[in-house]
1. Here are 271, 294, 308: which of them is within 30 Å of residue 213 (Cα to Cα) and of a type outside the set (Val, Ile, Thr)?
2. Say whether the condition of being modelled with pLDDT under 90 and in the same structural domain as residue 213 (by TED's automatic domain parsing) is met by at least one residue in the stretch 145-162.
3. State all residues of the stretch 259-278 that are in contact with a strand residue (DSSP E or B) (Cβ under 9 Å, 6 or more places away or on another chain) and surrounded by fewer than 14 Cβ atoms within 10 Å (Cβ to Cβ); if no residue qualifies, say none.
4. Considering only the stretch 71-180, give the helices (runs of 4 or more DSSP H) lying wholly within it that have at least 3 residues that are out of contact with any helix residue (DSSP H, G or I) (no Cβ under 9 Å at 6 or more places or on another chain).
5. Would you check if there is a residue in the stretch 273-280 being more than 25 Å from residue 167 (Cβ to Cβ) and out of contact with any helix residue (DSSP H, G or I) (no Cβ under 7 Å at 6 or more places or on another chain)?
6. Answer yes or no: is there a residue in the stretch 187-194 that is outside any loop (DSSP other than H, G, I, E, B) and loosely packed, with under 12 Cβ neighbours inside 10 Å.
7. So, residue 269, is that one part of a loop (DSSP other than H, G, I, E, B), assigned by TED's automatic domain parsing to the domain that holds residue 49 and either modelled with pLDDT of 95 or more or under 19 Å from residue 46 (Cβ atoms) (or both) or not?
8. Does the stretch 309-316 include one or more residues that are β-branched (Val, Ile, Thr) and buried (at least 18 other Cβ atoms within 10 Å of the Cβ)?
Amino acid sequence: MRLGIIGFPGAGKGTVFGALTKTGADVQNKRENQITNIKVPDHRVERLSEMYSPKKTTFARVEYFMPGSADKGPEQNREKKIWNQVRDCDALIHVIRNFKAYGMEDPVPGKELLSLKQELILEDLVVVEKRLERVALDKKRGKLINPKELALLKDCLKHLENEIPLRNFPEIAQAGILRGYAFLSAKPLLVLFNNEDDDDHLPDIQTQVQAKAENYMVLRGQLEQELAQMEDEEVDEFLKEFNVKGSAMDRVIKNSYELLGLISFFTVGSDEVRAWTIQKDTVAVDAAETIHSDIKKGFIRAEVLAYDDLIASGSSKAARQKGKTRLEGKSYLVQDGDIINFRFNV
């Protein structure tokens, strides 16, 4: 999972990046792209590792990407470069300033949220208009046009001209035929309000209509940057004093998983205990491909044991004796926390 961090200058993106990645210090060179790959905290992986004592334990991973300021060239070109760099991200984290700062006007988070949404919509509108112009030209030259793609592009044009983000329309946002366009307004959006140290409330943005595939949350960037620099024994006391429910990294990852509709299943054994990330409602045969394409090709059955059933039973042997382990076919919908052993033959 790759998450792109965006926002206007002064929003505190560097501070937030430091808090999310537990690097602590604010980003010093804001002209350079910042990329950090971190493990997804999951107590289930830790518990399974204790039970199976594998040679290797592998957590799911998430990558945070924050494009640099790209300060060379005209402002319009700089912005376009930044937007293009986050097009391959699975979702966007929009950092909004909700704190007072010396030399800056008081924050207006609702206005800032609307402004950035409009910029993303405008970027997508340019892409759609250029593509439709090209399609019209190809049509005159007698080239074959995909009618489904053309119809979806016309729908995109209509919605974008009405200033509605494409994430509001799942049939567009999830259309495989449009994936290559990497529309910015189609990406799931986590709106992260960067609040004052003593403010843990969402700002009043009642004039904003929350779109589909869009979540809001608060992060006190400066405060949680300090948390990222503390020793483990200091953290609990800090969390209680400021009513912070878990680290910024944990909360953002959890929110991102919910936003993207992601779940985890596990494979276990003496060699490795590993977490695998898939979309909710993924069938067993497609989940097998997450591990290796050969497993999907030679899929026979999935031997499934729910994590909670394993823990309640005490061991995989006891769970099997209680009838908690079952065999499932290709069309089985994998559930969050399933422990799966795929049977295959190639």
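1. Working: 271 fails: within 30 Å of residue 213 (Cα to Cα); 294 fails: within 30 Å of residue 213 (Cα to Cα).
Sole residue among the options that is within 30 Å of residue 213 (Cα to Cα) and of a type outside the set (Val, Ile, Thr): 308.
2. Of all residues in the stretch 145-162, those modelled with pLDDT under 90 come to 145.
With in the same structural domain as residue 213 (by TED's automatic domain parsing) added as a condition, the list becomes 145.
Yes, because at least one residue in the stretch 145-162 is modelled with pLDDT under 90 and in the same structural domain as residue 213 (by TED's automatic domain parsing).
3. Of the residues in the stretch 259-278, the ones in contact with a strand residue (DSSP E or B) (Cβ under 9 Å, 6 or more places away or on another chain) are 259-269, 271-278.
Matches in the stretch 259-278: 261, 269, 271.
4. It comes to 75-85, 109-140, 147-161.
5. Restricting attention to the stretch 273-280, the residues satisfying the condition of being more than 25 Å from residue 167 (Cβ to Cβ) are 273-276.
Checking which are out of contact with any helix residue (DSSP H, G or I) (no Cβ under 7 Å at 6 or more places or on another chain) leaves us with 274.
Within the stretch 273-280, one or more residues are more than 25 Å from residue 167 (Cβ to Cβ) and out of contact with any helix residue (DSSP H, G or I) (no Cβ under 7 Å at 6 or more places or on another chain).
6. Keep residues of the stretch 187-194 that are outside any loop (DSSP other than H, G, I, E, B), which gives 189-194.
Checking which are loosely packed, with under 12 Cβ neighbours inside 10 Å leaves us with none.
No, the stretch 187-194 contains no residue that is outside any loop (DSSP other than H, G, I, E, B) and loosely packed, with under 12 Cβ neighbours inside 10 Å.
7. On the way: part of a loop (DSSP other than H, G, I, E, B): yes; assigned by TED's automatic domain parsing to the domain that holds residue 49: no; either modelled with pLDDT of 95 or more or under 19 Å from residue 46 (Cβ atoms) (or both): yes.
No: the conditions fail for residue 269.
8. Taking the stretch 309-316 first, the residues β-branched (Val, Ile, Thr) are 311.
Keeping just the survivors that are buried (at least 18 other Cβ atoms within 10 Å of the Cβ) gives none.
Among the residues of the stretch 309-316, not one is β-branched (Val, Ile, Thr) and buried (at least 18 other Cβ atoms within 10 Å of the Cβ), which makes the answer no.
The values are calculated or read from the model by the stated rules, or taken from the named source; none is laboratory data. Keep in mind the model is a prediction, meaning the values are calculated, not measured. Because the Cβ atoms are built from the backbone with ideal geometry, glycine has one as well, and the counts that use them run over all protein chains shown.
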